[in-house]
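Peer 1: Attaching a single structure in structure tokens format; questions to follow.
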Amino acid sequence: MENFVYLVHDHASNRAAVVDPAWDVPAVMAVAEQHGMQITDILLTHSHHDHINGIDGILQHTDAQLHLLKAEATFWGQGLDLPTLHHGGDVIRVGETEITALHTPGHTPGSACYHVGNELITGDTLFVFGCGRCDLAGGDPEQMFVTLKDMAGHFPADTIIRPGHNYAEKTTSTLQEQVDGNPFMHFDDPARFVRYRMHHHDLHRHTPYGPVCRGEEMPD
């Protein structure tokens, strides 16, 4: 499913957080070992199977602490083994590295993005030139509209976007490039955004996504 799995490495302590462990745990562990990292934390952007199916594999090798937003734990409804639950704005410290958890609903009720330095790990909220589906359980396109508007207005233009899937013609981008070329970030009218996300986009755009000029999103 072309997932991205990220390791956030605190060089001072060699602690690391793995974000959305899935599919290929041996590869994740091999990268950690290669760079001398000790995985001490697991961060979830959301609870869909394609982003969490490696949790048990990571926990077989480490004593990592699991982190997710409280709203997502409620939506997920699983009997997790003592996770650390967060709210939007909470700071997670991995050694000397500060990771800010952001509540970014739309794909799921408790979807999170993680802000580290000048980089934003966006899960299935914001893709390069795309955004996550809102027609799955818990999805809400009106919330997604607000989330993307807030994101565009909150972070510097040169913020690096690290998406949850490799769906575009490039693997990463800047926020400014998304404001300019991501059709989901061009809408000012939430009703038009909802129509585009729910009824138009998937019929007319196909991966790998590239930039879209303003005004080309959807005919009136």
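Peer 1: In debye, nearest 20: dipole of region 132-198 around its Cα centre with unit charges on the Cβ of K, R (+) and D, E (-)?
Peer 2: It works out to roughly 180 debye.
Peer 1: With +1 assigned to the C-beta of every Lys and Arg and -1 to the C-beta of every Asp and Glu, and no other charges, what is the dipole magnitude of region 70-131 about the Cα centre in debye, to the nearest 20?
Peer 2: 140 debye
Peer 1: Highest first, please rank the peptides 134-145, 116-127, 54-65, 204-215 by the mean number of other Cβ atoms sitting within 10 Å of their residues.
Peer 2: Going by the mean number of other Cβ atoms within 10 Å, highest first, we get 116-127, 134-145, 54-65, 204-215.
Peer 1: Could you give the size of the charge dipole of the chain about its Cα centre, using +1 on the Cβ of each K and R and -1 on the Cβ of each D and E, expressed in debye and rounded to the nearest 20?
Peer 2: Charge dipole, the chain, about its Cα centre: 180 debye, nearest 20.
Peer 1: Hey, can you grab everything whose amide H is under 5 Å from the amide H of His86? Only 5+ residues off in sequence or another chain; H modelled, so Pro and N-termini drop out.
Peer 2: Residues meeting the criterion, in which the H sits 1.01 Å from N, are Leu68, Leu69, Lys70.
Peer 1: Still on this structure, please answer the following. Running Debye on the chain with equal point scatterers at the Cα sites and no solvent, what base-10 log of I(q)/I(0) appears at q = 0.08 Å⁻¹?
Peer 2: -0.27
Peer 1: A further question follows. Going by C-beta contacts inside 10 Å, put Ser13, Ser47, Ser111 in order with the fewest on the left.
Peer 2: Ranking Ser13, Ser47, Ser111 by Cβ neighbours within 10 Å, fewest first, gives Ser13, Ser47, Ser111.
Peer 1: May I pose another question? Pull up the DSSP beta bridges for region 6-204 and report the antiparallel fraction as a percent, rounded to 5.
Peer 2: Beta bridges within region 6-204, antiparallel portion: roughly 55 percent.
Peer 1: When the Karplus curve 6.51 cos²θ - 1.76 cosθ + 1.60 is applied with θ = phi - 60°, which whole-Hz ³J(HN,Hα) does each residue of region 25-42 get, with x for Gly and Pro?
Peer 2: 4, x, 5, 4, 5, 5, 5, 4, 5, 4, 9, x, 8, 10, 6, 10, 9, 10
Peer 1: Under the Karplus relation 6.51 cos²θ - 1.76 cosθ + 1.60, θ = phi - 60°, what is the ordered set of whole-Hz ³J(HN,Hα) values for region 4-15, x standing for Gly and Pro?
Peer 2: Whole-Hz 3J(HN,Hα) from phi for region 4-15: 9, 10, 10, 10, 9, 9, 8, 5, 5, 10, 6, 6.
Peer 1: Answer with one residue from Gly88, Met151, His67: the one whose Cα lies farthest towards the positive end of the charge dipole of the chain, charges on Cβ with Lys, Arg +1 and Asp, Glu -1.
Peer 2: With unit charges placed on the Cβ atoms, the residue in question is Met151.
Peer 1: Here is a follow-up. Per the Kirkwood definition applied to all pairs of different Cα atoms, how many angstroms is the hydrodynamic radius of region 123-169? Could you put the intermediate results ahead of the total?
Peer 2: Details: mean 1/r = 0.0867 Å⁻¹.
After inverting the pairwise mean of 1/r, the radius is 11.5 Å.
Peer 1: Another question about this same structure. Amide H of Ile92: which non-local residues (sequence gap of 5 or more, or other chain) have their own amide H closer than 5 Å, using H built in the peptide plane?
Peer 2: Answer set, sorted by chain and number: Ile99, Thr100, Ala101.
Each value in this text was obtained by applying a stated rule to the coordinates, not by laboratory testing. Just so it is clear, the model here is predicted, and its values are computed rather than measured. Quick reminder, even Gly has a Cβ in these numbers, built from the backbone with ideal geometry, and neighbours come from all protein chains shown.
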